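Beneath this line is the structure, given in structure tokens, with notes to follow.
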Amino acid sequence: MEVTARAPGKIILSGEHAVVHGSTAVAASINLYISVTLRLPSPSGHWLEFSWPIGRIKEALSELDGIDCSTPTTCSGKFAESISALVEEQNIPEAKIALASGVSAFLWLYTCIQGFKPATVIVTSELPLGSGLGSSAAICVALSATFLAFSKSVSLDKGHQGWLDFGENELELLNKWAFEGEKIIHGKPSGIDNLKGYCIDCILYSAGNMIKFKSGSLTRIKSAVPLRMLITNTKVGRNTKALVAGVSERTLRHPDAMISVFNAVDSISKELSTIIQAPAPDEISVTEKEEKIGESMEMNQGLLQCMGVSHASIETVLRTTLKFKLTSKLTGAGGGGCVLTLLPTLLSGTVVDKVIAELETCGFQCLTAGIGGKGVQVSFSGSS
């Protein structure tokens, strides 16, 4: 039998960086997913890119034998050293060394939740990795969901055909385990906001839709009309910690000006959440709503430029989409990464194709995505 779980990526519609300084932010899941498939038992002759004899894992992590997966456990001390040793044995090429932390999270989550069972785990992604679309949190949610689905800690109908949602209590357990995985990858994930020790990204990916959050409080919101974005991956790497530090340093140098910037972002995020939830019963009101969302994005991008987190590649995307009278803004840390472009309902497919073609000539990768989609889901197949 096998189980597959999928978790969505995310975008920040408003408030990145400013949220660290007390402003409101609005984030949304997107209908691009990371999927994890678990096959028990492991089929013979199938080899993963990373593999370990079960005996080797049991030797390294013997103290985890019989652990209760209903109580999430932090990977620390000698456990972290043992996991690191297991990953080092894989001789991961320098070009793929960023995968090491994800492999570490996989080993910890699998061993804690499933124990020492032989299995094959396959990970696939529609998300560009390391580009600001939340791939690390998404993979931790998908891994946790897959492994918990085959545990005694959650109750799911394994005979159900199609995708299944987790219950509220099960989502809480899933979030806690995903948070443990995120801590392995990031140390202290940037999505931490004192929400009962959870990662905001993990909460968003598990439940889906949109959230508004500020200084420890979180509100779920839902768009009254479907929203669609063009996501442009500039393929420019960035150092999130350095960018966050740069905003803080600028705030120290220009405290009054930067406080005004953060207050403006706060107002934009609050207004944006109201606009998103407002009903739009006809074509005219839909167009008006989309224009307001576009203006909010445009103002937010201007303030992000004031914070010093834009980049030449981001500006190229802005200029290109502006030719077609489309509004864009960076999402995430900035300094490269991904850029969002709002695609109005009445925009023709021909125009979208032209925009994508021009962006791709710059070496960028383009993806289209629906906003505020489903959260984590699981699907079973084969005989139990």
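Consider residue 174 carefully, then state whether it is at pLDDT 90 or above and open to solvent by less than 40 Å² (accessible area, probe 1.4 Å). Break it down stepwise before answering.
Working: at pLDDT 90 or above: yes; open to solvent by less than 40 Å² (accessible area, probe 1.4 Å): yes.
Criteria met by residue 174.
Filtering the stretch 224-258 down to residues that are of a type in the set (S, T, N, Q) and either open to solvent by 50 Å² or more (accessible area, probe 1.4 Å) or outside the structural domain of residue 336 (by TED's automatic domain parsing) (or both), which residue is farthest from the chain's Cα centre (by Cα)?
Checked the stretch 224-258; the qualifying residue farthest from the chain's Cα centre (by Cα) is 239.
Condition check ((1) charged (D, E, K, R); (2) more than 12 Å from the chain's Cα centre (by Cα); (3) within 19 Å of residue 30 (Cα to Cα)) across all residues:
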position	(1), (2), (3)
121	no, yes, no
128	no, no, yes
137	no, no, yes
144	no, yes, no
148	no, yes, no
153	no, yes, no
169	no, yes, no
172	yes, yes, no
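Here are the criteria: (1) open to solvent by 10 Å² or more (accessible area, probe 1.4 Å); (2) within 16 Å of the chain's Cα centre (by Cα). Tell me which single one residue 8 does not satisfy.
Of the numbered conditions (1) open to solvent by 10 Å² or more (accessible area, probe 1.4 Å); (2) within 16 Å of the chain's Cα centre (by Cα), the odd one out for residue 8 is (1).
Could you please find all residues in the stretch 147-170 being in contact (Cβ under 8 Å) with a residue 24 or more places away in the chain, in contact with a helix residue (DSSP H, G or I) (Cβ under 9 Å, 6 or more places away or on another chain) and not hydrophobic (A, V, I, L, M, F, W, C)?
Scanning the stretch 147-170 gives 151, 153, 158, 165.
Residue by residue, here is whether (1) outside the structural domain of residue 257 (by TED's automatic domain parsing); (2) modelled with pLDDT under 95; (3) more than 20 Å from the chain's Cα centre (by Cα) holds:
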site	(1), (2), (3)
298	no, no, yes
303	no, no, yes
307	no, no, yes
323	no, no, yes
329	no, no, no
332	no, yes, no
336	no, yes, no
350	no, no, yes
358	no, no, yes
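Do you know which residues across the stretch 114-134 are under 13 Å from residue 367 (Cα atoms) and open to solvent by less than 30 Å² (accessible area, probe 1.4 Å)?
Scanning the stretch 114-134 gives 127, 128, 131, 133.
Please determine, by comparing only the residues of the stretch 259-271 that are surrounded by fewer than 22 Cβ atoms within 10 Å (Cβ to Cβ) and among the hydroxyl-bearing types (Ser, Thr, Tyr), which one is farthest from residue 365 (Cα to Cα).
So, considering only residues that are surrounded by fewer than 22 Cβ atoms within 10 Å (Cβ to Cβ) and among the hydroxyl-bearing types (Ser, Thr, Tyr), the one farthest from residue 365 (Cα to Cα) is 260.
Here is a list: 54, 67. Which entry is touching a helix residue (DSSP H, G or I) at 6+ places or on another chain (Cβ under 9 Å), more than 25 Å from residue 230 (Cα to Cα) and not basic (Lys, Arg)?
Numbers: 54 fails: touching a helix residue (DSSP H, G or I) at 6+ places or on another chain (Cβ under 9 Å).
After ruling out the rest, the residue left standing is 67.
For a quick check of your reading of the model, give me the residue pairs whose first member lies in the stretch 53-65 and is closer than 11 Å to residue 89 by Cβ, whose second is in a helix (DSSP H, G or I), with beta-carbon atoms closer than 7 Å and at least 6 apart or on different chains.
From the stretch 53-65, the pairs are 57/86; 57/111; 60/82; 60/85; 60/86.
Residue-wise test of (1) of a type outside the set (A, V, I, L, M); (2) out of contact with any Pro (no Cβ under 6 Å at 6 or more places or on another chain); (3) surrounded by 13 or more Cβ atoms within 10 Å (Cβ to Cβ); (4) in contact (Cβ under 8 Å) with a residue 60 or more places away in the chain.
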site	(1), (2), (3), (4)
332	yes, yes, yes, yes
335	yes, yes, yes, yes
343	no, yes, yes, yes
357	no, yes, no, no
370	yes, yes, yes, yes
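Please go through the stretch 14-32 and pick out each residue that is open to solvent by 10 Å² or more (accessible area, probe 1.4 Å) and of a type in the set (A, V, I, L, M). Walk me through it before giving the result.
Kept after step one, since they are open to solvent by 10 Å² or more (accessible area, probe 1.4 Å), are these residues of the stretch 14-32: 17, 19-22, 31-32.
Result: 19, 20, 32.
The values are calculated or read from the model by the stated rules, or taken from the named source; none is laboratory data. Fair warning: this is a prediction, and the values are worked out from it, not measured in the lab. FYI the Cβ positions are ideal-geometry reconstructions off the backbone, even for glycines, and counts take in every protein chain you see. Quick note on the areas: whole protein, heavy atoms, side chains included, nothing else; ligands and nucleic acids left out. Shrake-Rupley method; radii C 1.70, N 1.55, O 1.52, S 1.80 Å.
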